[in-house]
Amino acid sequence: MAQIEQSDKGGKGKKGAQKKMAIHVDFTPMVDMNMLLITFFMLCTTMIKSQTLQIALPSNEKVEEAQQNKTKQSEAITLILDTERDADGNVMMDLETGKPKHTVYYYEGKPVVDDENKDGIIDNPNIKVEKFIGNSNTGETFGIRNILHNRNKQVLEKINVQKEKWRNKELTDEEYQALAKDIRNDSTLVRPVVIIKAGPNASYESLISALDEMQINQISRYQIDNINGVDSALIISYKTLNGIK
Amino acid sequence: MGKVKIKRKSTLIDMTAMSDVTVLLLTFFMLTSTFLQKEPATVITPSSVSEIKVPTANLVTILVSGAGVDGDGKRDASVEGKIFISVAGDVDSTFSSENVREAVLIEAVTNYNKLHKNNPVELTNAQVKAFSKLNMFGLKFSELPKFLEMEVAEQDEVMKHLDNPVVGIPIDNNRDMNKPNEFQIWMRAIYNVAEANKDMGNDAFASALRRSGEGIAVKADKDTPYSTIHNVLDNLQTLKLNKFSLMTALKTEQD
């Protein structure tokens, strides 16, 4: 492997002179071994660390009626999440978009639960349906994001002004974050209170998507709540009235 | 006519430079790598726009297994919703993962035995040591001594079969802290250990658990129904650990 070559030039060299020796060490096996080790480390490492979404839930302790925070009816918007599943419980995919079929039912303010003919179906449920679509490259919003965007317009407009400054390097990251936080919590602006309720079939992904919409739309007041009888009745009525199975 | 002599050239290539490069790359990977942790169930986390990174130290991960696929390619819901817990301490202090896990196990078993006086769980020192080497655990208390006696390969074999009823920490919708379920015993034990360490001057874990919500991460599959996740969230609320984080992968606003 490591050979010592003697330069032999016709034996003309003087007697007693030191012979020049070139030492060649063959590094090929060394490189082979290194490559193997690199491959091992590359396969065993996680370069992308997971992200987290921090949430705070209320504790389960019973709260007196008088102590409960009441939400203004004009500010409240309730999202009810659902995911379509087949008979086995697999999440169904939308063939056009290739995305899972998540549905967002929502109503603003209080639910309307009038049932005059007593057939168990609410006559005019004030419930509407949207989907998680996202926005286009130009910043246009669609689906449920559009609804929430419009509800939180005042906050978003103010934050966008600061965001522009931050993009132009007039503000540092910390300054921008602090300002955005102040705007999000500014009680003089019209801000919605979002109540997120997930149905039993709703996938974890849809819950995360809903929490995501809160982040994207800079909504500071939102709450995860349990689905109740009224909500189920609204959805069933909506489906019956619109002929959805 | 003189023959054209083809000069014989040596084909030796100098590999020294190549070797230099590979050693550099190797050093980079060795220094930056954090190894994939062994987890009993593989889950695909949903993606979100949140950019907060998962901390590496002082973290309790609660893994909720997703549905599997059975032999016919059908959805197998029997392995869904199994709970596993992983505890990571801080490497740079006496509060290392091994020490924390030992303390948690002793605390949890003591509490369990108080509640189940008829069939208590007895552990030897060797078994406690074996437990501290486990990255993620999820087993009934009653099965622990037998499990901790096994070789690592045998343990892996047991954990592989998620449909086995002894695998996964039992959980229900109990809200009565006088009769906690096994998941609640574990979480309470972890909390107590963190509090005990706080008294000894190590505040990081306790504050991560209680105040900021960084200390608890719930990891679940994106297709798992909310009814299963709700059970875990509800238990955490009952334990008054109502600030925590949900593990996600990164996505952009356009998605």
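Only the coordinates and a few stated rules stand behind these numbers; no lab work does. Note that this is a predicted model, so its numbers are computed, not measured. Reconstructed Cβ throughout: ideal geometry from the backbone, glycine too, with neighbour counts over all protein chains shown.
Would you mind calculating the relative contact order of chain B from Cα pairs under 8 angstrom and at least 6 residues apart, reporting the percent as a whole number?
Working: 346 pairs, mean separation 64.7, N = 255.
25 percent.
Counting only other chains, and only Cβ atoms inside 10 Å, what mean value do you get across the residues of B:215-226? Provide the component values of the computation, followed by the final result.
Working: counts 0, 2, 4, 4, 2, 5, 3, 9, 10, 5, 12, 17.
The mean count of partner-chain Cβ atoms within 10 Å per residue comes to 6.
Pick from A:ALA233, A:ALA87, A:ALA56: which residue has the top mean-square fluctuation in a GNM of chain A where Cα pairs under 10 Å get a spring?
A:ALA87
What spacing in nm lies between the two simple spin-label points modelled at A:SER74 and A:LYS118, each 7 Å away from Cα in the Cβ direction?
3.8 nm
For the stretch B:14-165, calculate the relative contact order in percent as a whole number, restricting contacts to Cα pairs under 8 Å that are 6 or more residues apart.
Rounded, it is 19 percent for the stretch B:14-165.
For B:ILE52, what residues show an amide H to amide H distance below 5 Å, using hydrogens built from the backbone and excluding near sequence neighbours?
A:THR52
Hey, what did chain A get for relative contact order, percent, Cα under 8 Å, at least 6 apart?
19 percent
The stretch B:141-186 to the stretch A:125-204: how many Å between their Cα centroids?
Spelled out, the Cα-based centre of one part sits 42 Å from the other.
Of the candidates A:GLY199, A:GLY89, A:GLY109, which one comes out as most mobile in a Gaussian network treatment of chain A with C-alpha springs shorter than 10 Å?
Highest fluctuation of the listed residues: A:GLY89.
Could you work out the per residue convex hull volume over the alpha carbons of the protein assembly as shown, in cubic angstrom?
In the protein assembly as shown, the Cα hull volume divided by residue count equals 329 Å³.
In peptide B:47-54, what is the residue-averaged number of other protein chain Cβ atoms found within 10 Å of each Cβ?
Per residue, the number of nearby Cβ atoms from other chains is 6 on average.
Using all Cα-Cα distances in the stretch B:50-250, what percent lands in each 5 angstrom bin from 0 up to the longest?
Whole-percent P(r) values from 0 Å outward: 1, 7, 15, 20, 21, 18, 12, 5, 2, 0, 0, 0.
Modelled label-to-label distance, B:LYS3 and A:LYS99, 7 Å Cα→beta-carbon offset: nm?
Using points 7 Å along Cα→Cβ, the separation is 7.7 nm.
With r as the distance between the Cβ atoms of B:LYS38 and B:LEU123 and R0 = 22 Å, compute the FRET efficiency 1/(1 + (r/R0)^6) and round to 0.05.
With a Förster radius of 22 Å, E is 0.50.
Explain nothing, just the number: dipole magnitude of the protein assembly as shown about its Cα centre with +1 on each Lys and Arg Cβ and -1 on each Asp and Glu Cβ, in debye rounded to the nearest 20.
Using Cβ point charges on Lys, Arg, Asp and Glu, the protein assembly as shown gives about 2560 debye.
Quick one: compute a quarter of the convex hull surface over the Cα atoms of the stretch B:109-166 and quote it in nm². Intermediate values should be presented prior to the final figure.
On the way: hull surface 16.9 nm².
Its Cα hull, projected and averaged over all orientations, spans 4.2 nm².
Can you tell me what the convex hull of the Cα atoms of chain A projects to on average, as an area in nm²?
For chain A, averaging the hull's shadow over all directions gives 29.1 nm².
Would you mind finding the longest exposed-site-free stretch of chain B, with exposed GluC sites (Glu not before Pro) meaning DSSP loop and at most 16 other Cβ atoms within 10 Å?
My reading of the result: B:152-252 is the longest stretch.
Considering only C-alpha atoms, what is the centroid distance from the stretch B:24-103 to the stretch B:196-255, in Å?
Rounded to whole Å, the Cα centres lie 13 Å apart.
For a quick check of your reading of the filter: which trypsin sites (Lys or Arg not before Pro) in the stretch B:6-110 sit in a DSSP loop and have no more than 16 other Cβ atoms within 10 Å?
Details: sites: B:LYS7, B:ARG8, B:LYS9, B:LYS38, B:LYS53, B:LYS74, B:ARG75, B:LYS82, B:ARG101; in loops: B:LYS7, B:ARG8, B:LYS9, B:LYS38, B:LYS74, B:LYS82.
Here the trypsin sites (Lys or Arg not before Pro) that fit, given the DSSP loop and packing criteria, are B:LYS7, B:ARG8, B:LYS9, B:LYS38, B:LYS74.
With each label point set 7 Å from Cα along the Cα-Cβ vector, what nm distance links B:THR27 and A:LEU189?
Once both label points are built, they end up 5.0 nm from each other.
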